[in-house]
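The values are calculated or read from the model by the stated rules, or taken from the named source; none is laboratory data. All figures in this text were calculated on a predicted structure; none of them were measured in a lab. All Cβ positions, even for glycine, are placed from backbone atoms using ideal geometry, and neighbour counts span all protein chains on display. What goes into the accessible areas is simple: the full protein's heavy atoms, side chains included, and nothing from ligands, DNA or RNA. Shrake-Rupley method; radii C 1.70, N 1.55, O 1.52, S 1.80 Å.
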Amino acid sequence: MRTAYSVEKVRASERTLMAQGPEGVLMQRAAAGLAAECARLLGKVYGARVTLLVGSGDNGGDALYAGARLARRGAGVSAVLLAPDRTHAGGLAALRAAGGVVVGADEERAEGVVARSRLVVDGIVGIGGRGGLRERAAQLVDAARDATVVAVDLPSGVDADTGEVPGDAVRADVTVTFGAYKPGLLIDPGREYAGAVRLVGIGLELAADEAGLEALHFADVAGLLPVPGGESDKYRRGVVGVVAGSARYPGAAVLAVAGALRGGAGAVRYVGPAADAVIARFPEALVSAGPPAKAGRVQAWVVGPGLGDDEERLRDVVASDVPVLIDADGLRLAGQEAVRARRAPTLLTPHAGEAAALLGVAREEVEAGRLRAVRELARRYGATALLKGSTTLVASAEGPVRVNPTGTAWLATAGSGDVLSGLAGSLLAAGLGARDAGSVAAYLHGLAGRRAADGAPVSAQDVADAIPAVWREVRRPG
């Protein structure tokens, strides 16, 4: 599992480690890793033009020491100093001793130096930085548009703890981060600015239970997938009920059932007006006119996709004593107090627009601050919240927020969320907790989207059809 830590946790671990060893050892370890990654990107170091954009403090020091290493290998290294009076003295001395050239940011030639570079290192602001780039820094970064850009620890202008980008920021091709991942590297919009992220170990000791964010890997997902035993029947495997669809949106019911049938439960029980459409596509589904409370035994419910204004069916499901996933129209109809009053687990699955409506804020505010939004949803509703989007996040009252590492932009298609709801609901019925069900469903859904799309447009039904293949891939990697 990949874990990410807040700036506060990273700083505390750095202080502990620095107190135990020689002065400057952490910076030298970081610089060595940074220089190695720069050399890998350059391929041939000798004769390559490299420019360091150097701010004040340790972040600039990392860049300077790495630049000195590259200069000793024959690279032509220039350092553009944005804060000459506060530049890291030791790093600057090392660069000069290795033959590096120093340029002031206000010199006329500074932008030309950057523009002629093959590789530019962003050492402007470290993980403690706040706000966007200042005007001169932004101009210099813009001059690097034809170079490979490597960010030191975090792209300057990105908030390390949230991934928020409040102004101008560096768009890196590669980010070399030290000691631990930071949440801002894994959450959009910050993730988009980070490019490929390389982790360099510098000896920090951080406990997994102190992480603020985590991302599941193949092995984590494989360990959570429900697998039937020799004595399993459909009820032991779990039965998921789907309350979805309407006269206007029968397809939502079909897609939710499609996701549910591929999610590991033993049976899917559909309740609603789209029964004919569901049974025509999936004869194995158990259909009922309802109401949900009289439809038969279920271990979890999915409610909301294409539901319209059918509050009666929604209230019946919310009042049940089994886990419930609420999506789409159900989010609009459920009500905060009704959800908070539930005793069984609840999983909410909004996209940014729906989350904005639930929180009473603009959609742009949710998209700019996804981590804050998902945490607030979980807190207000006393539920697990899965915020769909370019980086899907899952938050509950306990444990770190989970970020989904799979997916493709082609998943932004009508009905894709209905498939995800059915898949997650089936995992709830199979016995997974709300946090695990949401995380595993998002992971499989993202992999299925990649497989189905393969770089081309994809339909929601294509995504559903790809789920069994990626399930097998996760269970038997390689």
Check: C-alpha center region 412-452 vs C-alpha center region 258-296, spacing in Å is 17 Å
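Taking a temperature of 10 °C and a viscosity of 1.306 mPa s, what whole-number D in µm²/s does Stokes-Einstein yield for region 35-194 with Rh from Kirkwood over alpha carbon pairs?
Result for D is 106 µm²/s.
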Lysines whose Cα lies under 21 Å from that of Lys294, excluding same-chain neighbours fewer than 8 positions away: Lys234
If each part is reduced to its alpha-carbon centroid, region 1-49 and region 102-174 end up apart, in Å, by 18 Å
In a shell of Cβ-Cβ distance under 10 Å around Glu354, excluding Glu354 itself, what net charge do Lys and Arg (+1) and Asp and Glu (-1) give? +1
Below 30 Å, Cα to Cα, which lysines can Lys9 reach? Residues fewer than 8 away in the same chain don't count. Lys182, Lys388
What are the ³J(HN,Hα) values, in whole Hz, obtained from phi via the Karplus relation 6.51 cos²θ - 1.76 cosθ + 1.60 with θ = phi - 60°, for each residue of region 47-52 in sequence order, with x given for Gly and Pro? x, 6, 8, 10, 10, 9
Rounded accessible area per residue of region 231-344, 1.4 Å, Å²: 44 Å²
Most to least packed among 50-62, 203-215, 144-156 [average Cβ atoms within 10 Å]: 50-62, 144-156, 203-215
How would you order 132-141, 384-393 from highest to lowest mean count of nearby Cβ atoms within 10 Å? 384-393, 132-141
Quick query: amide H of Val200 versus all other amide H atoms, modeled in the peptide plane; which residues come in under 5 Å with a sequence gap of 5 or more or a different chain? Thr177, Phe178, Gly179
Going out from 0 in 5 Å bins, what whole percent of all Cα-Cα distances in region 395-478 drops into each bin? 3, 16, 24, 25, 18, 9, 3, 0
Given the options Ser13, Ala355, Ser459, identify the residue whose Cα lies farthest towards the positive end of the charge dipole of the chain (+1 on Cβ of Lys, Arg; -1 on Cβ of Asp, Glu). Ser13
When region 49-136 is reduced to its Cα atoms, the Kirkwood hydrodynamic radius in Å: 12.6 Å
Calc'd 3J(HN,Hα), region 198-213, phi into Karplus 6.51 cos²θ - 1.76 cosθ + 1.60 (θ = phi - 60°), Hz, glycine/Pro = x, comes to 10, 9, 10, x, 10, x, 5, 10, 10, 6, 4, 6, 9, 5, x, 8
In degrees between 0 and 90, to the nearest 10, how far off the longest principal axis of the chain does helix 7-18 point, with axes built from Cα atoms? 50 degrees
Quick one: if you stick a label point 7 Å off each Cα along the C-beta vector at Glu473 and Arg15, how many nm between them? 4.5 nm
For Ala300, residues with placed amide H under 5 Å, excluding near neighbours: Val239, Gly241
Dipole size in debye (nearest 20) for the chain around its Cα centre, Lys and Arg Cβ +1, Asp and Glu Cβ -1? 980 debye
Using θ = phi - 60° and the Karplus curve 6.51 cos²θ - 1.76 cosθ + 1.60, what whole-Hz ³J(HN,Hα) does each residue of region 261-274 get, with Gly and Pro shown as x? 5, 9, x, x, 6, x, 7, 10, 10, 9, 10, x, x, 9
Check Val287: other-chain or 5+ apart residues with amide H under 5 Å from its amide H, H built from backbone geometry? Tyr270
The list [x] 23.2, 90; [y] 25.6, 81; [z] 23.1, 69 gives values of Rg and Dmax of the Cα atoms in Å, and only one came from this structure; which label was calculated from it? [y]
Throw me the Rg/Rh for region 128-179, computed over C-alpha atoms with Kirkwood Rh, two decimals. 0.95
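Semi-axes of the equivalent ellipsoid for region 176-277, please: Cα gyration tensor eigenvalues, times 5, square-rooted, ordered largest first, whole Å.
They are 41, 22, 10 Å, listed largest first.
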In the chain, carbon and sulfur make up what percent of the accessible area (probe 1.4 Å)? 47 percent
Given 444-452, 85-93, the highest-first ranking by average Cβ count within 10 Å works out to 444-452, 85-93
Charged-residue dipole, Cβ positions (Lys, Arg, Asp, Glu), region 396-463 about Cα centre, Debye nearest 20: 100 debye
Quick one: work out the % antiparallel among DSSP beta bridges in the chain, nearest 5. 15 percent
For region 329-444, what does the convex hull of the Cα positions come to per residue, in cubic angstrom? 99 Å³
